[in-house]
Amino acid sequence: NSLVEAQLPPGVLDRFSLQSVGQSVRIDLTLSAGFTCNGIVITRSIDSSQFEGIGLIGGICGDSAVAVNYSCIDSFPPLNQQLYYQVLLGGRIPTEIKSIVVQDFRTAPIRVQPNPAREQVRFEFEALDGQQNELVVFDMWGKPVARVRAESGQAELQVQSLAAGLYLVRRSDRPWEF
C-alpha cells in the first residue's frame, strides 16, 4: 500500500457500514456534503493488513452541496472467516477499517460458538434483519432443556446450568432442521 499516503480529513465520511446479505457483503458509505474525490476504490483483506481492490466507483464522487450515498456488493467474499474492508477515496485516502464474517449456512443451518462451551454460547443462523425466532435446545433424549429468543439470526445462551453433554438446537420456524 505504498500509494496510500494521505489521511482522511475529519467530517468527510458520514457513514461506512457493512452488512451480510446471504453470502454477499453490502458496503454502504455516505460522503459528507462538500467533499468530492476522483473515484472510490473498495478493498478487502483477510488479515487486516494486505488489502486488494475488489470494486471501483469511477468518476467524480460526492457533491459540494449535499451528502451522497454509495452502495456496492461484494458478491464472492470468502466465507466463514473474518473479513476486513477499507475504502480508498480518490484511490489513495483510506477510511477506517471495518470487519464482518459472512457465514455459509448451507453447511450448518445453525452455527454455535464456542463449541464446546462452559459459560455461554452464541447462535448464528440465516434470518432477515429484525426477524424474531425462538431456538429450542434439546438433550439427547429429546427433552427441551432451554429456550432462547433470537433476533436477526443471533442469540446467546448461558450454559453453566446445563450438564456436560451433546445437545441439539432447533429453530421454531424450521422444526424439521436440527
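The values are calculated or read from the model by the stated rules, or taken from the named source; none is laboratory data. Model, not experiment: these values are computed from the prediction. Cβ coordinates were reconstructed from backbone atoms using ideal geometry, including for glycine residues, and neighbour counts include every protein chain displayed. Heads up: the accessible areas ignore ligands, DNA and RNA and are worked out on the full protein's heavy atoms, side chains in. Shrake-Rupley method; radii C 1.70, N 1.55, O 1.52, S 1.80 Å.
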Over region 93-122, the set of residues within 18 Å of the chain's Cα centre (by Cα), modelled with pLDDT of 90 or more, of a type outside the set (Val, Ile, Thr) and open to solvent by less than 40 Å² (accessible area, probe 1.4 Å) is none
Please go through region 39-62 and pick out each residue that is open to solvent by 70 Å² or more (accessible area, probe 1.4 Å) and assigned to a loop (DSSP other than H, G, I, E, B).
ILE46, ASP47, GLN50
Would you say VAL87 is crowded, with 17+ Cβ neighbours inside 10 Å, in a strand (DSSP E or B) and either of a type in the set (Phe, Trp, Tyr) or out of contact with any Asp or Glu (no Cβ under 8 Å at 6 or more places or on another chain) (or both)?
yes
Restricting the search to region 128-139, which residues are out of contact with any Asp or Glu (no Cβ under 8 Å at 6 or more places or on another chain), crowded, with 17+ Cβ neighbours inside 10 Å and within 23 Å of VAL21 (Cα to Cα)?
LEU135
Just need a number here: residues in region 1-15 that are modelled with pLDDT under 75 and open to solvent by 100 Å² or more (accessible area, probe 1.4 Å).
5
Filtering region 63-80 for residues that are open to solvent by less than 70 Å² (accessible area, probe 1.4 Å) and closer than 30 Å to GLN113 by Cα leaves a count of 7
Has region 117-134 got any residue that is of a type outside the set (Ser, Thr, Tyr) and under 27 Å from PRO9 (Cα atoms)?
no
